[in-house]
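Comments concern the structure below.
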Amino acid sequence: MAWYDVVDATKKQRLGTKKRAMNGNEYIYLQGVASVVDGTWVTFDEDFVTARAVADAQGQVAIATAAVDATTEYGWFAIWGMKTGLCLASFVDNGVVYLTSTAGSVDDTDVAGDQVYGAIGRTARDTTTGMSEFQLNYPEVLDAGN
């Protein structure tokens, strides 16, 4: 198990700490939130408060690397590089990423204001895992018209 897959029961790093792994990916240390599993998309604000990503959210975006599924847990979330993430059934290779009403998952269907800038799908959805591979470049969502 890599360091970025570990879930901490107590805070071990300052929230917002960033680290780059040997695989080239960059991760940020955040507090967990209910129902987060590996691949869950989250948003976080300037105080590093996380929420499962959902339509009309605003803020920076990351993908969970483990089940950091309680506010009493802490862990690493991917913000740069390649990471698998949850997506809806119709997601296609090279799809543009949009938040949806399904918390923690994304789709490639155009939803006004909910485009995740700095993220692009790099594989079609795997029907077994419900995930696609995503290329991340410090993603964010603005809930603005697009």
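Side notes on the structure shown:
- Its relative contact order, with pairs defined as Cα atoms under 8 Å and 6+ residues apart, puts region 14-66 at 31 percent.
- Shape class for region 1-84, computed from the alpha carbon gyration tensor (a ≥ b ≥ c): rounded, with a/c under 1.5.
- Remark: the Gln58-Met22 segment gains 9.9 nm on full extension, using 0.36 nm per residue and subtracting the alpha carbon distance.
- Accessible area in square angstrom per residue, the chain, 1.4 angstrom probe: 47
- With θ taken as phi - 60° and the Karplus curve 6.51 cos²θ - 1.76 cosθ + 1.60 applied, the whole-hertz 3J(HN,Hα) list for region 123-129 is 9, 6, 5, 7, 5, 7, 8 Hz, x standing for glycine and proline.
- The chain: C-alpha gyration tensor shape, a/c 1.5 cut-off, then a/b vs b/c: prolate
- Region 22-134, relative contact order in percent, only Cα pairs under 8 angstrom and at least six apart counted: 26
The values are calculated or read from the model by the stated rules, or taken from the named source; none is laboratory data. Computed from a predicted structure; not experimentally measured. We work out accessible area using only protein heavy atoms, side chains counted, and drop any ligands, DNA or RNA first. Shrake-Rupley method; radii C 1.70, N 1.55, O 1.52, S 1.80 Å.
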